[in-house]
């Protein structure tokens with residue numbers, strides 16, 4: 001059932017992302033998402049960047065609806081239903097978390113929860129440029145060791161974050177790998193985890209309309225991301241038709257993912 005919440009805080013995180021905080025005592029687990037309704041705009045699925053109370057969603061401009069949601073000011077009323085979906089397993093003692101762009105928002109509350117339970121976390125964060133790196137300081141404050149990569153080399157290692165991941169997996173041991181970001185990036189992370197013999201879990205972001213597995217908008221092979229995910233074992237996704245190959249637009253039509261070019265000042269990719 002939808003409930004009405006009031007936006008209490010708006011935080012500009014990067015030039016393209018904004019966090020909206022709101023009081024909501026409904027229990028949620030790191031990795032779950034909510035359906036957020038803005039009257040007169042639309043209802044969109046939003047991962048919880050803060051899963052406690054106050055909760056928070058971190059919005060990246062992807063289209064007209066997300067752009068209007070991002071411009072919301074404190075005091076605005078939102079409709080929220082959920083949380084929906086599954087969550088990250090917080091049992092690993094030593095974790096590698098890989099965030100691409102705004103995907104770090106999904107990982108952040110789970111990393112914080114894992115560290116609070118006594119686990120150790122290493123985070124590899126990637127973005128197109130330094131100003132778009134998300135929540136690096138937040139994860140350091142939580143106790144994670146943070147490695148950075150930017151396509152244009154303006155912070156951390158130059159190039160895609162998957163290069164950093166491959167180096168970490170060669171030289172360190174982990175119980176699990178978590179990742180969220182572009183599907184092409186996540187596929188590379190899963191394959192790197194497979195080579196290292198470490199289980200990898202991906203948080204998949206797809207268009208959702210109902211959140212209940214009824215509308216088929218988020219279908220990925222035999223799965224519905226809203227109820228079978230959004231967190232999937234990487235090996236499950238490698239076997240799912242369409243993973244990292246196409247997405248579905250608002251009308252349900254298949255659209256191919258653009259393949260990333262080589263990293264450089266004008267590149268946009270994982």
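Observations on the model:
- Residue 92 closer than 17 Å to residue 229 by Cβ and either buried (at least 22 other Cβ atoms within 10 Å of the Cβ) or out of contact with any helix residue (DSSP H, G or I) (no Cβ under 6 Å at 6 or more places or on another chain) (or both): no
- Residue satisfying all of: in the range 178-206; in a loop (DSSP other than H, G, I, E, B) and touching a helix residue (DSSP H, G or I) at 6+ places or on another chain (Cβ under 6 Å); nearest to residue 231 (Cα to Cα) among these: 204
- The range 26-56, residues that are within 19 Å of residue 217 (Cβ to Cβ) and touching a strand residue (DSSP E or B) at 6+ places or on another chain (Cβ under 8 Å): 32, 33, 34, 35, 36, 37, 38, 43, 44, 45, 46, 47
- Taking residues in the range 73-95 that are free of Cβ contacts under 8 Å to residues at least 60 places away in the same chain, and partners anywhere that are in a loop (DSSP other than H, G, I, E, B) and crowded, with 16+ Cβ neighbours inside 10 Å, the pairs with Cβ atoms closer than 6 Å and at least 6 places apart or on different chains are 83/28; 83/32.
- Residues that are crowded, with 24+ Cβ neighbours inside 10 Å and closer than 23 Å to residue 192 by Cα, drawn from the range 109-120: 110, 111, 114
- In the set (1) under 18 Å from residue 14 (Cβ atoms); (2) buried (at least 21 other Cβ atoms within 10 Å of the Cβ); (3) in contact with a helix residue (DSSP H, G or I) (Cβ under 9 Å, 6 or more places away or on another chain), the condition left unmet by residue 105 is number (3).
- Extreme residue, surrounded by the most Cβ atoms within 10 Å (Cβ to Cβ), among residues of the range 121-143 that are part of a helix (DSSP H, G or I) and touching a residue at least 12 places away in the same chain (Cβ under 8 Å): 139
- For the range 58-67, the criterion of being free of Cβ contacts under 8 Å to residues at least 60 places away in the same chain, surrounded by 23 or more Cβ atoms within 10 Å (Cβ to Cβ), in contact with a strand residue (DSSP E or B) (Cβ under 6 Å, 6 or more places away or on another chain) and not assigned by TED's automatic domain parsing to the domain that holds residue 139 is met by at least one residue.
- Some residue of the range 46-66 being closer than 19 Å to residue 19 by Cβ, more than 18 Å from the chain's Cα centre (by Cα) and in a helix (DSSP H, G or I): yes
- Residues located in the range 164-175, provided they are within 20 Å of the chain's Cα centre (by Cα) and buried (at least 21 other Cβ atoms within 10 Å of the Cβ): 165
- Residue list for the range 112-139, filter: touching a strand residue (DSSP E or B) at 6+ places or on another chain (Cβ under 9 Å) and farther than 21 Å from residue 18 by Cβ: 114, 115, 119, 120, 121, 122, 123, 124
- So residue 154, is it part of a loop (DSSP other than H, G, I, E, B) and in the same structural domain as residue 40 (by TED's automatic domain parsing): no
The values are calculated or read from the model by the stated rules, or taken from the named source; none is laboratory data. From a predicted model like this one, the values you see are computed outputs, not experimental measurements. Glycine also receives a Cβ, built like all others from the backbone with ideal geometry; neighbour counts cover every protein chain displayed.
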